[in-house]
1. Over the stretch 26-115, with a single point scatterer placed on each C-alpha, what log10 of the ratio I(q)/I(0) does the Debye formula yield at q = 0.14, 0.19, 0.26 1/Å?
2. Which value, in debye to the nearest 20, gives the size of the charge dipole of the stretch 45-121 about its Cα centre, when Lys and Arg are +1 and Asp and Glu are -1 at the Cβ?
3. Each residue of the stretch 32-49 in turn: what ³J(HN,Hα) in whole Hz from Karplus with 6.51, -1.76, 1.60 and θ = phi - 60°, glycine and Pro shown as x?
Amino acid sequence: MIDLKLDATGDLELSAAGDISATDSIVQAVRIRLLWFFGEWRLMPSLGFPYFENLLVKNPNESKLRHLIRETVMSVDGVTDVSEILFNIDKKSRRASVEITFNTDEGSFREEVKIPWQNMA
């Protein structure tokens, strides 16, 4: 399935001529789901990933994080399996990212999602 392509900041990606781009919507949907903080959307606060409760804490439970990430990625239509989840958490620099390898009907994809932690208080 094809969708409008978003850039790293979540805005529509435009060419130099101002044309919009298209992308594989499954990969983009995985990225969006993982960047959506729990309670962030006022109209449906039950949606989103619980970063404040599970990652942005003193000692994150990696096993629980893996389970939550797997559950979140598998909730995207078209994802058939999550084969690998790798964390990179640097508390000193307040940076975190997760690399996910997942399968869809269209093939296998590897996606890195950088969690916007460094701007959090």
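1. Cα-only, vacuum Debye calculation for the stretch 26-115: -0.48, -0.87, -1.43.
2. Charge dipole of the stretch 45-121: 660 debye, to the nearest 20.
3. Per-residue couplings from phi come out as 4, 4, 7, 8, 8, 6, 4, x, 5, 8, 4, 6, 8, x, 7, 8, x, 9 Hz.
The numbers here are math on the coordinates, done by the rules we state, and not lab data. Everything quoted here is computed from the prediction, not taken from an experiment. So basically every Cβ, Gly included, is an ideal-geometry build from the backbone, and we count neighbours across all protein chains shown.
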